[in-house]
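Visitor: Have a look at this one before I ask anything.
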Amino acid sequence: MLPRTEQLSVFPAFFRVEGRVAAVFGNGDEAFAKVRLLMNTQAKIVAYVQTPEADYHAFLIANRIATVRAEFSADQVKGATLVFAATDDAEADRAIVDAARAERIPANAVDQPDYCDFYTPALVNRAPVAVAIGTEGAGPVLAQMIRAQIDQILSPSLGKLAELATRYRKPVERLVTRGVARRVFWRRFFSGPVADAVNAGHLLRAEQAADELLRSSRKVEGRVWLVGAGPGAEDLLTLRAQRVMMEADVIVYDALVPQAIVDMGRRDAERLSVGKRKGCHSKSQEEINDLLVQFGREGKRVVRLKSGDPLVYGRAGEEMAVLRAAGIAYEIVPGITSAFAAAADFELPLTLRGVASSLVFTTGHDLTGDVLPDWASLAVSGATIAVYMGRTVAASVAGRLMQAGLPPETTVAIIENASRRDRRLMHGILRDLPDLEHRDELSGPVMVIIGDAVAGANFEQSEPLVSRKAVAQDYARS
């Protein structure tokens with residue numbers, strides 16, 4: 001269930017108004033606007049206005065809109081499906097709404113939210129497709145701005161494409177298997193040669209393409225997308241990732257992927273958490289591999305959703321090998337890896353001319369044994385080191401880097417929950433880094449960035465990893 005602050009106070013719905021009466025009471029701009037909005041529909045509009053203004057009167061006559069020129073009486077609302085009160089008189093509007101409610105007819109009073117059973121949306125019309133934008137009365141200007149953006153996105157020919165789809169619905173139900181095969185058919189219908197032909201104005205060619213698509217519709221082959229969910233912020237998810245999530249029959253996701261991103265997938269897709277977090281592995285990697293193969297063989301379209309980028313510490317190599325061996329098609333959808341998000345939060349240059357010309361990604365878990373890993377040597381030569389899952393290896397990373405010759409005063413940046421609203425930023429120097437292992441309050445993913453380039457970060461929003469006063473006292477005691 002959504003938090004109360006994210007719940008709507010209205011339920012978006014569309015009224016059936018074809019051939020039914022929509023009554024508009026009033027004169028002037030507001031009534032004029034309601035009538036124009038209703039003209040997007042096949043409602044039978046009736047305008048109740050005793051003395052219409054000249055422009056409004058001319059509009060009603062030109063569009064052959066039924067007009068009743070009489071004072072308001074309660075029986076005028078009877079038989080209407082919708083009632084709009086736009087008299088520019090608050091008391092008169094309330095009386096109209098009261099009369100409508102007495103007849104159990106939904107009513108709307110202009111600029112009086114308490115006397116509105118529904119709100120009139122900003123409308124993008126591609127009949128039979130309609131997009132209605134509501135703000136619960138918060139701001140008509142905001143709704144109009146959103147409407148303008150959506151209007152630019154949607155093709156003017158979308159309505160014709162939807163009409164063509166209506167003609168093919170019964171043949172599709174008869175010839176194409178329900179479920180995955182049918183969904184794939186409609187995706188191809190709305191985004192392939194059929195849509196292209198309609199958009200170009202070639203309706204005959206569109207019908208031919210639709211017929212060919214119908215003939216070629218057979219059992220759909222399974223497909224797996226290995227998708228990078230990014231570091232956690234919903235608006236850092238790529239457009240391609242969002243598109244394939246809307247196509248998925250199954251979404252298999254890791255523990256570090258926020259629920260808000262999982263919920264961006266197709267509403268009726270099966271969602272399966274596979275855990276995979278330190279100390280809490282709900283499924284082994286082998287079990288995950290088996291699931292992907294199983295779903296692929298069932299003809300399902302699967303999104304394997306991973307935190308960050310799937311090719312950076314995401315074990316994608318194992319999953320790709322298993323899918324290849326099973327003959328199941330797959331595709332990689334890159335994501336923003338956590339190091340980039342962490343650097344952005346800190347306004348930190350990962351490379352810096354004359355200071356750092358290379359960048360190393362590591363988990364720091366290869367520090368056992370006497371031989372230093374190559375990345376330790378690179379750090380000494382000026383590379384920036386980004387340590388994933390950095391909290392638990394902070395002490396060993398700091399110790400081995402100083403052993404390799406990196407100065408203890410080298411700047412470090414620590415980011416918990418990079419890119420998210422609850423992110424936490426800390427800074428310090430290399431010799432302070434072991435303190436990070438004792439910061440049990442850091443429960444989210446932690447990224448540690450080390451190197452001379454880190455000194456160029458913006459530390460205004462970060463806190464010291466270790467108080468310099470406390471460090472001075474420790475040295476004094478020793």
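The values are calculated or read from the model by the stated rules, or taken from the named source; none is laboratory data. Fair warning: this is a prediction, and the values are worked out from it, not measured in the lab. Neighbour counts run over all protein chains shown; Cβ positions are idealised from the backbone, glycine included.
Visitor: Report whether or not VAL68 is touching a helix residue (DSSP H, G or I) at 6+ places or on another chain (Cβ under 6 Å) and assigned by TED's automatic domain parsing to the domain that holds ASP29.
Guide: So VAL68 does not fit the description; no.
Visitor: Of the conditions (1) more than 19 Å from the chain's Cα centre (by Cα); (2) surrounded by 14 or more Cβ atoms within 10 Å (Cβ to Cβ); (3) in a helix (DSSP H, G or I), VAL312 clears all except one; give me its number.
Guide: With respect to (1) more than 19 Å from the chain's Cα centre (by Cα); (2) surrounded by 14 or more Cβ atoms within 10 Å (Cβ to Cβ); (3) in a helix (DSSP H, G or I), VAL312 is out only on (3).
Visitor: Please report, ordered by residue number, the strands (runs of 3 or more DSSP E) entirely within the range 40-107 with at least 3 residues that are more than 21 Å from PHE14 (Cβ to Cβ) and either at pLDDT 95 or above or among the aliphatic types (A, V, I, L, M) (or both). Lay out the reasoning, then the answer.
Guide: Details: elements: 44-48, 66-68, 80-86.
Output list reads 66-68.
Visitor: Of all residues in the range 241-273, count the ones that are within 20 Å of GLU331 (Cα to Cα), among the aliphatic types (A, V, I, L, M) and assigned to a loop (DSSP other than H, G, I, E, B).
Guide: Residues meeting the conditions: 4.
Visitor: A further question on this structure: Any residue that is outside the structural domain of ASP249 (by TED's automatic domain parsing), surrounded by fewer than 17 Cβ atoms within 10 Å (Cβ to Cβ) and of a type in the set (Gly, Ala, Ser) - is there at least one of those in the range 109-118?
Guide: No, the range 109-118 has no match at all.
Visitor: Tally up the residues in the range 108-163 that are under 20 Å from VAL10 (Cβ atoms) and hydroxyl-bearing (Ser, Thr, Tyr), please. Write out each step before concluding.
Guide: Here is the first cut: in the range 108-163, the residues under 20 Å from VAL10 (Cβ atoms) are 108-124, 130-147, 150.
Right, trim to hydroxyl-bearing (Ser, Thr, Tyr) and you get 115, 119-120, 135.
So the answer is 4.
Visitor: Another question about this same structure. Looking at the range 217-240, can you tell me whether even one residue there is under 30 Å from SER419 (Cα atoms), assigned to a loop (DSSP other than H, G, I, E, B), polar (S, T, N, Q) and within 17 Å of the chain's Cα centre (by Cα)?
Guide: yes
Visitor: Would you check which residues across the range 253-273 are hydrophobic (A, V, I, L, M, F, W, C) and either touching a Lys or Arg at 6+ places or on another chain (Cβ under 8 Å) or not assigned by TED's automatic domain parsing to the domain that holds LEU236 (or both) and list them?
Guide: Our first condition is that a residue be hydrophobic (A, V, I, L, M, F, W, C); within the range 253-273, this holds for 255-257, 260-262, 264, 269, 272.
Within the range 253-273, ALA255, LEU256, VAL257, VAL262 qualify.
Visitor: So in the range 55-85, with the set limited to residues that are loosely packed, with under 11 Cβ neighbours inside 10 Å and either closer than 16 Å to ILE45 by Cβ or aliphatic (A, V, I, L, M) (or both), which one is farthest from the chain's Cα centre (by Cα)?
Guide: Residue satisfying both the conditions and the ranking: ALA70.
Visitor: Is it true that VAL293 is closer than 19 Å to GLY222 by Cα, part of a helix (DSSP H, G or I) and in contact with a helix residue (DSSP H, G or I) (Cβ under 6 Å, 6 or more places away or on another chain)? Explain how you work it out, then say what you get.
Guide: Numbers: closer than 19 Å to GLY222 by Cα: yes; part of a helix (DSSP H, G or I): yes; in contact with a helix residue (DSSP H, G or I) (Cβ under 6 Å, 6 or more places away or on another chain): yes.
Considered against the rule, which asks whether it is closer than 19 Å to GLY222 by Cα, part of a helix (DSSP H, G or I) and in contact with a helix residue (DSSP H, G or I) (Cβ under 6 Å, 6 or more places away or on another chain), VAL293 comes out as yes.
Visitor: Within the range 315-349, can you find the residues that are surrounded by fewer than 20 Cβ atoms within 10 Å (Cβ to Cβ), within 20 Å of ALA413 (Cα to Cα) and touching a Ser or Thr at 6+ places or on another chain (Cβ under 8 Å)?
Guide: ALA344
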